[in-house]
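This report refers to the structure that appears directly beneath it.
The values are calculated or read from the model by the stated rules, or taken from the named source; none is laboratory data. It should be emphasised that the depicted structure is a prediction, and the values quoted were computed from it without experimental measurement. No Cβ is skipped: glycine too gets one built from the backbone with ideal geometry, and neighbour counts run over all protein chains shown. Remember, those area values only see protein heavy atoms, side chains included, never the ligands or the DNA or RNA. Shrake-Rupley method; radii C 1.70, N 1.55, O 1.52, S 1.80 Å.
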Amino acid sequence: MTPLPPAAGAPPLLRLSHVSKRFGALVANDDVSLELHRGEVLALLGENGAGKSTLMAILFGHYVPDSGRVEVDGKALPPGDTRAALEAGIGMVHQHFTLADNLSVLDNVMLGTEPLWQPFSRRAAARARLLETAGRFGLNVNPEARIADLSMGERQQVEILKALVRGARVLILDEPTAVLTPQQSEALFATLRDLVREGLSILFISHKLDEVRRVSDRVAVLRAGRLVARFDSLDGVDKAALAEAMVGHALAPAGRGVRQPGALVARLRDAHVAGKPRPKLDRVTLELFANDILGIAGISGNGQQVLADLLCGVQALDGGTLVFEGQRLPPVPRAWLRAGVARIPEDRHAVGAVGDLSLWENAVLERYAGPSFSLFGWLKRRRAQAHAQALVKRFDVRGTEAGGLATPARRLSGGNLQKLILGRALAGDPGAPAPKLIVANQPTWGLDVGAVAYVHGQLQQACEQGAALLLISDDLDELFALCDRIAVMHQGRLGPARRAAEWSRAEIGLAMAGAASAVTPLTNAAEVAHAA
């Protein structure tokens, strides 16, 4: 996008000068200075734990910097004052939307904009302002629509409108396409072009480097809290150069090896899980084979979580059959773990770990009651800690320098916590065989390019050693890079699996949005082997 030319002698719209922030011994931001001009898009890149979130929290008034200052239009913002940041025109659209599903679009936009002592709500004026703003920026929304009835793309438009109606001049977008189809992403990019033409300035945070190159005018890169690189023009700058600036070294691109599918590991036939207003799973059929990766694409919330829970023993079937290695296992997670199923859950913080427990306790969390780590109800602490130490070393879990194995899991960065969960899943019990089935639900969601490359390598290695892998992901680049076959979920239904090479991004996007596919599914090992 071409930035608007700055007015002669005009200060930057936003300036961060020599900002530093420490949390104990951890230096989150170290003398960071940035400028953002009117009508431009500045991408902020960095690994997990590089300091991006802390810097944005300082800009938004959630944190007080230890030193440095933030200026909007040449005027200093009082530190730690969120209201002042909002009044100065700072708006933010978070990766995980902050909308009330049971309220209308208008109600969500109005939340927090009227004083409590006001005797009545000025809905008519707010509605008119919402429609005027939406029309000005080409956003098509129905003020009376309930958030729960909107698509992810429409919800994101509401989040952007919330900021614009409140007078945002600087819009922070955090992983804005994480839950969008390719078509919805294209619509977002068109909206961003309109916003920039109107003079809005955008801070764009994303790990999708193709999008960064497409959307941004300039790029700033943080590493270990310091600003290590600036790209004032992206002409001639490729993805590899941006990735190397982020992690400090070159990264090998992910790619599928040449694999032949092995024996049938699990089969799901006409699976039905009840739900309202529609079934959570509706006649879902799939087959998983050793040495084969089946990818599941779809917009989050269309049944993928239920499918993952089903294949880990967390969810019971209301209809249909599920067979694992010729057996019908009960819906009890311990039985599935003992049978050789490894689980990488979607939410690493709420489901994958207990934040206040130590790293070593989280390392044995799924197996602490088994014979490897307990005896007559007593935990074998030394053996559990030795196992955790081996995981930390093998899977390169960092962030334990100060507290060692006693470090609470909540203190790890997202990438390092995911490495711990990955190690726990793939290593299993000491001396136990490798997992036979890996259910990986959004295994790289929100991770930086270095952590993504690491997770991809570990999953591919496990598959090449004979595991069947079900990979559920919103990231089409990830699915195309790793998967042998891809199927699409929409409203609880699973479309036919096809070879990855037979799909186009546009076709997957349409299927994610509900368009029917006419392709015949691959239903047996011979067909899968032929497809590979």
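Here are a few things to note about the model shown:
- Each DSSP beta bridge with both residues in the chain is either parallel or antiparallel, and the antiparallel ones are about 55%.
- The tail of the calculated P(r) for region 266-402 beyond 17 Å holds 68 percent of all Cα-Cα pairs.
- Under the criterion of Cα pairs below 8 Å and six or more residues apart, the relative contact order for the chain equals 16 percent.
- Angle in degrees between helix 381-394 and the longest Cα principal axis of the chain, rounded to the nearest 10: 70 degrees
- Fraction of accessible area attributable to carbon and sulfur, region 59-178 (%, probe 1.4 Å): 51 percent
- Calculated SAXS-style log₁₀ I(q)/I(0) at q = 0.24 Å⁻¹ - region 154-239, Debye, Cα scatterers: -1.36
- Charge-dipole axis of the chain as Lys and Arg at +1 and Asp and Glu at -1 on Cβ define it, positive-most pick from L195, I299, A440: A440
- Given charges at Cβ of Lys, Arg, Asp, Glu: region 42-182 dipole, positive-most of G51, P79, A125: A125
- Taking every C-alpha pair closer than 8 Å and separated by at least 6 residues, the mean separation divided by the residue count of region 244-385 gives a relative contact order of 18 percent.
- Placing +1 on the Cβ of every Lys and Arg and -1 on the Cβ of every Asp and Glu, with no other charges, gives region 90-208 a dipole of roughly 360 debye about its Cα centre.
- Accessible heavy-atom area order of Y368, Y454, highest first, probe of 1.4 Å: Y368, Y454
- Measuring only protein heavy atoms, the 1.4 Å probe finds V265 accessible over about 10 Å².
- The mean sequence distance of close C-alpha pairs (under 8 Å, at least 6 residues apart), as a share of the length of region 326-464, puts its relative contact order at 32 percent.
- When E144, E87, E361, E71 are compared by accessible area of protein heavy atoms, the largest-first order is E87, E144, E361, E71, using a 1.4 Å probe.
- For D66, the residues 5 or more places off, or on other chains, whose built amide H falls under 5 Å of its own are S20, K21, R22.
- Region 80-105 and region 344-406: distance between their alpha carbon centers, rounded to Å: 36 Å
- Between helix 449-464 and the chain: long-axis angle, C-alpha atoms, 0 to 90°, nearest 10: 10 degrees
- At a probe radius of 1.4 angstrom, the accessible area of the chain per residue rounds to 45 square angstrom.
- Entries of K208/K276; K276/K436; K52/K239 with Cα pairs more than 27 Å apart: K208/K276; K276/K436
- Alpha carbon centroid spacing (whole Å) that separates region 415-469 from region 281-320: 18 Å
- Think of region 170-266 as having a plus end and a minus end, set by charges on the Cβ of Lys, Arg, Asp and Glu; of A250, H207, L264, L264 sits farthest toward the positive end of this dipole.
- Magnitude of the charge dipole, the chain, Cβ model with Lys/Arg +1 and Asp/Glu -1, debye to 20: 1120 debye
- For region 231-312, fraction of C-alpha pairs farther apart than 19 Å, in %: 61 percent
- For region 340-399, a crude dipole built from +1 on the beta carbon of Lys and Arg and -1 on the beta carbon of Asp and Glu, taken about the Cα centre, is about 380 debye to the nearest 20.
- Label assignment, Kirkwood radius over Cα pairs in Å derived from the structure, set (1) 24.9; (2) 23.9; (3) 27.5: (1)
- Cα gyration tensor shape for region 424-484, rounded if a/c is under 1.5, else prolate or oblate: prolate
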